1. What are the pairs, 6+ residues apart or on separate chains, where a residue within region B:21-45 that is over 18 Å from residue B:66 (Cα atoms) and facing chain A (nearest Cβ under 8 Å) has its Cβ under 6 Å from a residue that is among the β-branched types (Val, Ile, Thr) and open to solvent by 30 Å² or more (accessible area, probe 1.4 Å)?
2. Tell me, which helices (runs of 4 or more DSSP H) lie completely within region A:44-161 with 1 or more residues that are assigned by TED's automatic domain parsing to the domain that holds residue A:13 and open to solvent by less than 50 Å² (accessible area, probe 1.4 Å)?
3. If only one of A:106, A:52, A:83 is touching a Phe, Trp or Tyr at 6+ places or on another chain (Cβ under 9 Å), more than 30 Å from residue B:145 (Cα to Cα) and of a type in the set (A, V, I, L, M, F, W, C), which one is it?
4. Filter region A:1-15 down to residues that are open to solvent by less than 20 Å² (accessible area, probe 1.4 Å) and facing chain B (nearest Cβ under 9 Å) and give me whichever is nearest to residue A:78 (Cα to Cα).
2 protein chains.
Amino acid sequence: MKRIVTATVLNQSGVLNRVTGVLSKRQFNIDSITVGRTESEGISRMTIVVNVDDERQVEQLTKQLNKLIDVLKVADITEQAIVARELALIKVLSNAQTRNEIGGIVEPFRASIIDVSRESITIQVTGDTDKIEALIDLLRPYGIKEMVRTGLTAFLRGSQKPVTEITNYSLLK
Amino acid sequence: MKRIVTATVLNQSGVLNRVTGVLSKRQFNIDSITVGRTESEGISRMTIVVNVDDERQVEQLTKQLNKLIDVLKVADITEQAIVARELALIKVLSNAQTRNEIGGIVEPFRASIIDVSRESITIQVTGDTDKIEALIDLLRPYGIKEMVRTGLTAFLRGSQKPVTEITNYSLLK
């Protein structure tokens, strides 16, 4: 099953390497990883999507990450009310005939065409993983020349109380 | 100066750790990093934005990354004609009075409001780094409660010939 883990880290040399070290040592199957700046200077936020067999594995991961230097906070937010989005850029083979046809597919996804050349067009789409995969499936028959995805970034919705991570590490469980 | 380096890698345990190991050992100042799947099964694409003092540093980085196991191709695409985009989710403090006002700021950026609660709204915006930073600057006065960014993802525009990376490693330079 897929789990979404976020880690708030000090933006310092080596922290990313320490985090990926934990993931690699335990042979976690990583689906995607994003690291970007946050609202606070010097603090970055990582969103890691991992494929695990059971919940205990994720618990172990969050524990291990919490122990690292420069890691301020780790949370498995999969079960929470979250906003999760990723961005994909998709370059599709297209000529004069198929250009309009592809435009018709892209529109209902609220995706946009951001580059056109003689034999291809580039589509930018933002959404949850299901939406992006549905669009990719529809575009595949035309021939996908190139595709890049940022991986999921996520945080909690505004309408819930802040999560206390303590529940994750209770000894009584 | 900022440089955008892309690396095509085999999606195997440990490759991410080896790449971040190189970055950490040489103390590269990483602005953002994204890793996501591509059009080919089992192959991922990393986009790394680094802050360097001179071009020689980037050359060194691409050379070092190219040497790694599971790394198929590395390119510094900064000078090329590229499409580069990132995604940001921004949670802004907002009440009944300011909600419309914020809506008016968000619209020209083609950003969208994806979550509303009593005291905050969440905005999703996609674009190049400059655009996203311009929007953040406009939203800051309202109070940014939380923000996550995916970091830049990028590839070459459709209308140019494929790059031959050989030029990067010419001994005659």
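1. Sorted first by the residue in region B:21-45, then by its partner, the pairs are B:39/A:144.
2. A:55-67
3. So the residue among A:106, A:52, A:83 that is touching a Phe, Trp or Tyr at 6+ places or on another chain (Cβ under 9 Å), more than 30 Å from residue B:145 (Cα to Cα) and of a type in the set (A, V, I, L, M, F, W, C) is A:52.
4. That would be A:6.
The values are calculated or read from the model by the stated rules, or taken from the named source; none is laboratory data. The structure presented is a predicted model; accordingly, all values stated were derived computationally and were not measured. Because the Cβ atoms are built from the backbone with ideal geometry, glycine has one as well, and the counts that use them run over all protein chains shown. Ligands, DNA and RNA are stripped out before the accessible areas are found, and what is left, the full protein with its side chains, is counted by its heavy atoms. Shrake-Rupley method; radii C 1.70, N 1.55, O 1.52, S 1.80 Å.
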